1. Which order, highest average first, do 432-445, 415-428 follow once you tally other Cβ atoms within 10 Å for each residue and take the mean per peptide?
2. Please enumerate, by chain and number, the aspartates and glutamates with C-alpha under 20 Å from the C-alpha of LYS140, excluding those fewer than 8 residues away in the same chain.
3. Dipole of the stretch 188-272, Cα-centred, from +1 at each Lys and Arg C-beta and -1 at each Asp and Glu C-beta, to the nearest 20 debye?
4. What percent does the relative contact order of the stretch 553-628 come to when contacts are Cα pairs within less than 8 Å and at least six residues apart?
5. Taking amide H positions as placed in the peptide plane 1.01 Å from N, state which residues far from GLU88 in sequence (5 or more) or on other chains have amide H under 5 Å from it.
6. For the chain, what does the relative contact order come out to in percent, with C-alpha contacts under 8 Å and a separation of six or more?
7. Hey, what do the phi angles of the stretch 728-735 turn into as Karplus ³J(HN,Hα) couplings, whole Hz, using 6.51/-1.76/1.60 and θ = phi - 60°, x for Gly and Pro?
8. Could you pull out every residue, at least 5 positions away or on a different chain, whose amide H is within less than 5 Å of the one on MET477? Hs are placed 1.01 Å off N in the peptide plane, and Pro or chain starts have none.
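The values are calculated or read from the model by the stated rules, or taken from the named source; none is laboratory data. Because the structure is a prediction, the values reported are computed rather than measured. Note that each Cβ is placed from the backbone with ideal geometry, even for glycine, and that neighbours are counted across all protein chains shown. With ligands, DNA and RNA removed, areas are computed over all heavy atoms of the protein, side chains included. Shrake-Rupley method; radii C 1.70, N 1.55, O 1.52, S 1.80 Å.
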Amino acid sequence: MGLACCLLILTYILNEQSYDKFNKNANEIYRVTRDFYTPAGVENLHISGIAPPFGPLLQNAFPEIKKVTRLLSNGTTTLRYREKFFNEKNAYYADGNFFEFFNVPSIEGDMQKGLSEPYSVMMSEITAHKYFGNEDPINKTILLDNNKHEFKVTGVFQSFPANSHIHPELLMSFNTLNDTTIFGEKRLQSDYGFNAFYTYLLLPKGNDPSRIEAQFPDFLDKYVHFQGMPGNTKTSQTTKLELQKLTDIHLRSHLDDEIEPGGDIKRVYIFSAIALFILLIACINYMNLSTARSALRAKEIGIRKVVGAQRKEIIFQFLSESVLVTCFSLVLAIVLALMLLPVVDSFSGQHLSINGLTHWQTVVPIVCLPFIIGLISGVYPAIFMSSFIPVKVLKGLLKAGPKDISFRKVLVVLQFSISIILIVATTVIFQQLRYLQDTNLGFNKDRILTLDYPTPLIKQYESFKSDLLRNSNVKDMAVSLAVPSSRLTGAQGASVLEGGSMFPIKVELKFITADYGFIPVYGIHMAAGRNFSRAFTTDTNNFILNETAVQALGWKNPQNAIGKDMTYGGMKGKVVGVVNDFHFESLHQKIIPLLMLMPSPRNDFYKKLSIKISGNNINEAVGTVENTWHKYLPETPFDFSFLDDKFAQLYKSEQAQGNLFTLFAFVAIFIACLGLFGLSAFTISQRIKEIGVRKVLGASVPQIVVELSKDFLKLVLIAGVIAVPISWYTMNGWLNDFAFRIAISWWIFILAGVAALIIAFATISFQSVKAALANPVKSLKSE
């Protein structure tokens, strides 16, 4: 069981560490990321995308860079083929050399030239089948953005493997972005503010990326200068470029705009520790049971020594037995791991495969495992039993010495210390997960549909809204730049009026655009002032702040902020309202200063629709929204999600981690109990005559059970004392990853200790009660 758990955990770890390594030059590919700093020099934003001009500039400025490729997400993209309409969420514009960096097999077409021409598109095998069925997709055309642009299919590629940090289903030629109706050649060459281009560099083998990074400040000062920056301010003082190894992205990158949610190296460490704990507990079981059973083999050892066996030969015999047991165990463990892998896969939410264990780099350590584990678990019993003196053991004078008993006690304490740590950790993890799900977010996330806000709906928005609100199943709707559960990355310079002059603020003020309906739809409460209103035409130049922003700007209270003059992103206006703080982002992040503004209804400013429906009949309400949607947007697929599902997704990885942790913690505790069961059974069997005498002298069954159990229970209490500080320190570190977290209550440690005592007592009492109920006449008979 111990080895099976280790193999399953190893499968998970290898999967996590395998990300992007399928690419031929994975170790030489680096992603360029960008930092931004406040006027005070504090990092306030670190993003994985950079501006489009950087790619060509970097290649020209640094001769050691062999190649550069760029990738731009097109967001949710509506595509049409004949009468079929689809919303593609993984559609990107990619440079022509994209497949020289990311190596997936070709199904059809030329991977090297497929993206060289404008308005060409390559797609995954799954996507091609979705559009064209059994037709040959090559040279077929699909229509983008409500038939505005026609793209020719030039190739089909095999879907990216699960262990990739990106999973593009549709790749459009980067050269298409020169079209001014899509992006524009001028913007590609000069727009340093649009940081949405994922840029990858291919360096020569053995090249030190830190040498290039060291030259980035001079590079920025030479090539980049932002409008509005004071003349003596260097670009490198406001922004910074960094290199990030491709194979580090999944586990070590937690930036503000990752393409896909990544893993966490801390989880790899945690599960590695659990695997070692489980294996250690199993080894302790072997040591304890081997030394406890030593009396049964004492005469065998004595006879071997009498007939000439040397101590080293007896040590070798016991070590070889231990290795042989481990070899058989490994075979059974592999079978068990294969059977349980689908269960662990469903718990983890990963695409786990046993294939990771078949590579020679893994096979060799696994083959060596029985020898390592066998030697570790067998070395003490071998040394202990080989030390028996033949004369004594053959006369039946062997007794377990105090050193032997003390060492076994130490091992039991170690086992249950680990078990209590795992009980505490499991309790804390699930308390934190429940806190994430139940905490008050400062708004109501229930029964809110979120959809992309397509360009064709802009001119029809008011009619669309009026049509929807005629139905009693729809309460309200709003448009905004983003919806809660997203990351806040947009920030612009701000100034406030002080003493008759505008002074730049030193805090970073993030923003979202939102119309009149946003605050009512989400049920956000006003701390002071009012919401945006149609009655005030000037509200398109006014602002609403959250309480954290008011504090950061130095105003005494929300009421004091109302009517204050300020500028944001060059727009002058007044603060008309302050909302209570609410969690726009996940609870991993602190609530940050936030500004809401309501510009004119352009698609650049508004990206998302939020529709509040009634709780009487959700299916009917969704059907109403869908019918109205198709009435106004007949060629745009209706693709929605519920906001509470989006928030659940934020903590999906923690939930999977909690499930896996609980599963393996339970196994570790169960294995510890197996060892305690065997050890207590053997110990009690050595005290059969003592139990018989006690019964003859009038001891009751409960008294005998307590007498037999108390020594083991004392060890569990000692284990609890050791485990408490270790578990507190470990779980406090884990909770530090959350800006909003529970406090570790004292009762969790009491609960873990009591649980360990109950588990231990239940394990021991089975044997104790059995011994106490036995007929003393039989136990007192002479052999």
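1. Per-residue Cβ counts within 10 Å, averaged per peptide and sorted highest first, yield 415-428, 432-445.
2. Excluding near neighbours in sequence, the set is GLU83, GLU88, GLU108, ASP110, GLU117, GLU125, GLU150, GLU169, GLU635.
3. Computed charge dipole of the stretch 188-272: roughly 280 debye.
4. 14 percent
5. Under 5 Å from the amide H of GLU88 lie the amide H atoms of THR77, THR78, LEU79, each far enough along the sequence or on another chain.
6. With pairs under 8 Å counted, the relative contact order is 15 percent.
7. Residue by residue, the stretch 728-735 yields 4, 4, 5, 6, 5, x, 5, 5 Hz.
8. Distant-sequence amide H within range of MET477: LYS612.
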